[in-house]
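The values are calculated or read from the model by the stated rules, or taken from the named source; none is laboratory data. Keep in mind that this is a model prediction, so the values were computed, not measured. All Cβ positions, even for glycine, are placed from backbone atoms using ideal geometry, and neighbour counts span all protein chains on display. Heavy atoms of the whole protein, side chains included, go into the accessibility calculation; ligands, DNA and RNA do not. Shrake-Rupley method; radii C 1.70, N 1.55, O 1.52, S 1.80 Å.
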Amino acid sequence: MKKTKFMKLALATAGIVAVLSGCGNGGTASSDSSSSSSSKASSSEVSSVALITDGNGVDDRSFNQSAWEGMVAWGEENGVEQGANGYQYFQSSGESDFIPNIDQALTAGYQTIFGIGFKLQAAIQEQATANPDVNFVIVDEVVDGLDNTVSATFKSNESAYLAGLAAAYSTKSNTVGFLGGMQISLIEAFDAGFQQGVADGAKALGKDIKVISQYAGDFSAPDKGRTIASAIYAQGADIIYGAAGATGNGLFQEAKSLNETRDDKVWVIGVDRDQSEEGAYKKDGKEDNFTLTSTLKEVGEAVKDLAEKSNNGEFPGGEHIVYGLEENGVGLTDGQLSDDAKAAAKEAREKIIAGDIVVKDTLK
């Protein structure tokens with residue numbers, strides 16, 4: 001039986017400069033990584049690693065991009081370049097690409113293969129079973145019973161709770177929204193945590209706050225995301241939290257358009273990585289930003305951590321590693337939150353870690 005293990009992450013933030021140009025299946029993307037005299041090891045001494053994306057690319061401004069940035073950072077720290085003897089990504093346009101992309105990575109000799117996203121669970125399980133001498137990692141899902149496979153999941157409901165609390169302290173209209181991708185348990189955990197945080201914040205403030213929750217049924221449909229965001233804002237919401245992959249890009253597009261043309265500001269809460277850059281806009285010649293805060297899922301740090309463990313011969317095969325607030329695997333940025341909102345989120349974080357607040361991970 002697979003063990004579940006909670007691991008600490010070293011979350012020192014580093015500036016990563018990478019050109020995230022899209023590539024086809026098994027293609028290459030440009031990178032500025034290079035060897036240096038301070039490198040830990042030469043490329044011949046480092047285990048090569050590959051990343052298989054889900055249906056979105058490594059420039060999706062969200063989940064896949066965070067994973068790729070972590071892999072680039074690992075390569076830079078180990079003095080290896082993007083390519084056959086270092087690290088690479090294989091971009092999938094859909095589920096039919098998963099097995100062929102893994103096959104390409106295996107043929108190229110990559111020794112550790114990461115499947116980014118729950119959709120790759122079946123493909124990783126199949127290929128890991130067939131290739132017991134290769135290390136595999138599935139992110140955001142679980143593969144049981146394989147000693148060469150690590151499952152990495154995140155308590156996203158915990159950071160979503162903090163986002164909901166922050167939204168309650170920040171809303172002026174007392175209506176907020178949640179935009180989900182596909183309505184699956186993984187995304188419902190975000191929704192459940194967010195709604196619980198809003199409710200607790202409303203109670204503490206003596207407010208009556210409405211939450212409008214809607215799902216797009218897709219992680220790769222920015223147009224649909226924008227349409228849903230428009231409808232939620234039209235119902236009076238001044239803050240929307242999006243957990244929808246590339247579909248969430250449409251949320252940012254709609255918020256930007258509204259803020260450029262109206263006086264009452266609307267906000268977005270980002271997901272998986274700090275999305276403050278996506279919230280930048282100009283109005284009347286002045287620069288502004290509508291990203292209120294972002295929930296963090298340290299996918300990049302998990303990728304970096306597990307790639308390093310594989311490189312050092314310490315790959316924790318067979319384990320299910322869970323990253324939550326206590327492990328610094330999820331979190332909330334300060335963003336443009338008020339002091340009161342930040343203080344409330346900080347207090348709640350401590351209570352969640354201590355077990356005084358138990359965050360729901362289901363809408364039931």
With criteria (1) among the aliphatic types (A, V, I, L, M); (2) touching a residue at least 40 places away in the same chain (Cβ under 8 Å); (3) out of contact with any helix residue (DSSP H, G or I) (no Cβ under 6 Å at 6 or more places or on another chain); (4) open to solvent by 20 Å² or more (accessible area, probe 1.4 Å), Val134 comes up short on (2)
Tell me whether the range 241-251 contains one or more residues that are touching a Lys or Arg at 6+ places or on another chain (Cβ under 7 Å) and assigned to a loop (DSSP other than H, G, I, E, B).
no
Testing Asn78 on (1) open to solvent by 50 Å² or more (accessible area, probe 1.4 Å); (2) over 27 Å from Phe252 (Cα atoms); (3) touching a residue at least 60 places away in the same chain (Cβ under 8 Å), one condition comes back false. Which one is that?
(1)
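Per-residue answers, yes or no, for (1) open to solvent by 20 Å² or more (accessible area, probe 1.4 Å); (2) in a strand (DSSP E or B); (3) not basic (Lys, Arg):
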position	(1), (2), (3)
Tyr169	yes, no, yes
Ser173	yes, no, yes
Phe178	no, yes, yes
Met182	yes, no, yes
Glu188	yes, no, yes
Asp191	no, no, yes
Ala202	no, no, yes
Asp218	yes, no, yes
Please work out if Tyr89 is under 29 Å from Ile269 (Cα atoms), buried (at least 23 other Cβ atoms within 10 Å of the Cβ) and over 13 Å from the mean Cα position of the chain (by Cα).
yes
Could you figure out which of (1) open to solvent by less than 10 Å² (accessible area, probe 1.4 Å); (2) of a type in the set (Gly, Ala, Ser); (3) touching a strand residue (DSSP E or B) at 6+ places or on another chain (Cβ under 9 Å) isn't true of Gly197?
(3)
Condition first: part of a strand (DSSP E or B) and buried (at least 23 other Cβ atoms within 10 Å of the Cβ). Can you find one or more residues in the range 296-307 that meet it?
yes
Where residues in the range 234-255 are out of contact with any Ser or Thr (no Cβ under 7 Å at 6 or more places or on another chain) and open to solvent by 10 Å² or more (accessible area, probe 1.4 Å), which of them is nearest to Ala166 (Cα to Cα)?
Phe252
Return yes when Thr129 is among the polar types (S, T, N, Q), assigned to a helix (DSSP H, G or I) and either modelled with pLDDT of 95 or more or surrounded by 23 or more Cβ atoms within 10 Å (Cβ to Cβ) (or both) and no when it is not.
yes
Test result for Tyr89, touching a residue at least 12 places away in the same chain (Cβ under 8 Å), under 19 Å from Ser310 (Cβ atoms), assigned to a loop (DSSP other than H, G, I, E, B) and not acidic (Asp, Glu):
no
So which residues in the range 220-238 are part of a helix (DSSP H, G or I) and within 27 Å of Asp140 (Cα to Cα)?
Pro222, Asp223, Lys224, Gly225, Arg226, Ile228, Ala229
Mind checking which residues of the range 99-116 are in a helix (DSSP H, G or I) and either open to solvent by 10 Å² or more (accessible area, probe 1.4 Å) or acidic (Asp, Glu) (or both)?
Ile99, Pro100, Asp103, Gln104, Leu106, Thr107
Out of all the residues in the range 268-282, is one or more assigned to a helix (DSSP H, G or I), of a type outside the set (Asp, Glu) and in contact with a Leu (Cβ under 7 Å, 6 or more places away or on another chain)?
no
Just to check your reading of the model, which residue among Leu363, Leu325, Leu258, Leu332 is buried (at least 23 other Cβ atoms within 10 Å of the Cβ) and touching a residue at least 12 places away in the same chain (Cβ under 8 Å)?
Leu332
Inspect all residues belonging to the range 141-153 and state whether any of them is within 14 Å of Tyr241 (Cα to Cα) and in contact with a Lys or Arg (Cβ under 9 Å, 6 or more places away or on another chain).
no
